[in-house]
Amino acid sequence: MQFETDRARFLGRGHTPANPIAVMEDRPLSNTTGAVLDPVFSLRRRVRIPPGETVRCSFSTIVAVRANRQ
C-alpha cells in the first residue's frame, strides 16, 4: 500500500491533475504525512492478476469529524 498527502508531490512540476507524475511515470508515492499547504488524498495498491483469471476488488474510505461542543 502506498499513499500521498501532498498535491505538489503527486502532480509534479509542470504537471496537472490530467497527467500527474505519480501516475504517468509509475514512481512510488512518498508515504509521508503531515501539514501541507495543498493536501491530496491518494492511495495506491498494486494487484497482479494472472492471465485468464478474474478478480473482484472493493475499496472504501471513511472520515470522522469531531464536533466542537460548547
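Things worth noting here:
- Residue in region 24-41 that is surrounded by the most Cβ atoms within 10 Å (Cβ to Cβ), counting only those that are outside any loop (DSSP other than H, G, I, E, B) and touching a Lys or Arg at 6+ places or on another chain (Cβ under 9 Å): Val40
- Test: Arg13 is modelled with pLDDT of 90 or more and open to solvent by 100 Å² or more (accessible area, probe 1.4 Å): yes
- Single condition Asn68 does not satisfy, out of (1) open to solvent by 100 Å² or more (accessible area, probe 1.4 Å); (2) assigned to a loop (DSSP other than H, G, I, E, B); (3) modelled with pLDDT of 85 or more: (3)
- Near pairs, Cβ below 6 angstrom, 6+ apart or cross-chain, from region 42-55 (in a loop (DSSP other than H, G, I, E, B)) to any residue that is modelled with pLDDT under 90 and aliphatic (A, V, I, L, M): Arg45/Met1; Ile49/Val55
The values are calculated or read from the model by the stated rules, or taken from the named source; none is laboratory data. Remember, predicted model here, so these are calculated numbers, not experimental data. Cβ: placed from backbone, ideal geometry, glycine included. Neighbour counts: every protein chain shown. Side chains included, ligands, DNA and RNA excluded: accessible areas come from the protein's heavy atoms. Shrake-Rupley method; radii C 1.70, N 1.55, O 1.52, S 1.80 Å.
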